[in-house]
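Presented below is the structure to which this report refers.
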Amino acid sequence: MTLSYPELVEVPILKAIAEGKLKGLEGEGKPLPDQVDVAFANMAPQRAFRIMAEAGALPEEVKFRKLRDGARATYRNASSDEERQLAVAVIAQLDLRYTIAVEAS
């Protein structure tokens, strides 16, 4: 199942709303603050993910992507073949989990 870009943003938000994870957040019901440094960027996805992150409701794929990026940094900084092999195994596992999470959402 391939989702359009708006669906990729909206589906996790709607899921978090349905689960009640976005209730009682700081600033609820107030306008979002302006962010001048990124004034020309499409702010909707960035703001949505920031709000979800503050609520502890980030989609699994985002969590796995962050873990995978960390594992890749570990691989780059590895000082032995054994450390690199372990990092490759962790990266492969996280790639699989990331793919499953993306397909499930």
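Taken together, the values in this text are just the output of simple stated rules run on the coordinates, not laboratory data. All of these numbers come straight from a predicted model, not from anything done at the bench. Methodologically, a virtual Cβ is constructed for each residue, glycine included, from the backbone with ideal geometry; neighbour enumeration extends over all protein chains shown.
Here are the numbers:
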| quantity | calculated |
| --- | --- |
| Virtual spin-label span in nm between residue 44 and residue 78, 7 Å along Cα→Cβ | 4.1 |
| Per-q log10 I(q)/I(0), region 60-104, q = 0.17, 0.22, 0.27 Å⁻¹ (Debye; single scatterer per alpha-carbon; no solvent) | -0.44, -0.65, -0.84 |
| Derived scalar couplings ³J(HN,Hα) [region 88-95; Karplus, 6.51 cos²θ - 1.76 cosθ + 1.60; whole Hz; x for Gly, Pro] | 4, 5, 5, 4, 4, 5, 5, 4 |
| Difference of contour (0.36 nm per residue) and Cα-Cα distance, residue 63 to residue 96 | 10.6 nm |
